[in-house]
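Scroll down for the structure; my scribbles are underneath it.
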Amino acid sequence: MIDFEAILNQPFRWPKAGDKLFTTSQRRDSNAFIDLLGHNRLVMMMTGYKRGADLMVQRASENRSDRDALIFPIIFNYPQYIELSLKYLVSTYGRMVGVDAIWNTHSLTPLWESFVEVLDGYDIREPQGVDAVVGEIVAEFAKVDPNSFSYRYPVDKKGCPITLAHDEIDLVALAAVMKAVEGYFCGCDGYIGNIQNTGP
């Protein structure tokens, strides 16, 4: 049963004079600390986008009324996490094997290709074919939202409706696959870092 009286009696806050968006609390228990170093900030950003999507999936799973609205930021956050993870891995480990970082694109396809070059540069061969599996997942996101635009706006820059690839998505299954992708990226980071640290 929906309790309409409870809905109507929720506290309502109007904007008021003196409101500011960016402030700090003297108690500091509600402050978030923003890392000012570029590389550390990149790590916090990738972590934040992934964790944000996971938390939204959890919320959507528990609250049906939020599910159809949260799908949009969820499907924005997960590929954003992939984009930043690939940029992190290529920028961190690519230079040693002659692969330049790519900062000027949101497209996942060239970022994945650069990461594969990094793996080749370190002569890494994954015998179970997981590299190819993750490559297919990245390609699926690239196909669904090639310019990181489709789930942020309902229309394109000319005002024409954007056609979406799907009309229904299992968010729990999506989050499970992304958890596996996160494990893969973390594993690559640790493995390549170890090679780099123990190399000549």
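The values are calculated or read from the model by the stated rules, or taken from the named source; none is laboratory data. Not measured: the values here are computed from a predicted model. FYI the Cβ positions are ideal-geometry reconstructions off the backbone, even for glycines, and counts take in every protein chain you see.
The table that follows gives values for the structure above.
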item: Sole exception among (1) under 18 Å from residue 151 (Cβ atoms); (2) assigned to a loop (DSSP other than H, G, I, E, B) for residue 54, by number; result: (2)
item: Failed condition for residue 148, given (1) in contact with a helix residue (DSSP H, G or I) (Cβ under 9 Å, 6 or more places away or on another chain); (2) surrounded by 13 or more Cβ atoms within 10 Å (Cβ to Cβ); (3) modelled with pLDDT of 85 or more; (4) of a type outside the set (Asp, Glu); result: (3)
item: Leading residue by the ranking (farthest from residue 189 (Cα to Cα)) among those in segment 113-145 that are outside any helix (DSSP H, G or I) and charged (D, E, K, R); result: 145
item: Verdict on residue 123 being of a type in the set (Asp, Glu), on the phi > 0 side of the Ramachandran plot and surrounded by fewer than 13 Cβ atoms within 10 Å (Cβ to Cβ); result: yes
item: Condition check for residue 144: β-branched (Val, Ile, Thr), over 20 Å from residue 116 (Cα atoms) and under 16 Å from the mean Cα position of the chain (by Cα); result: yes
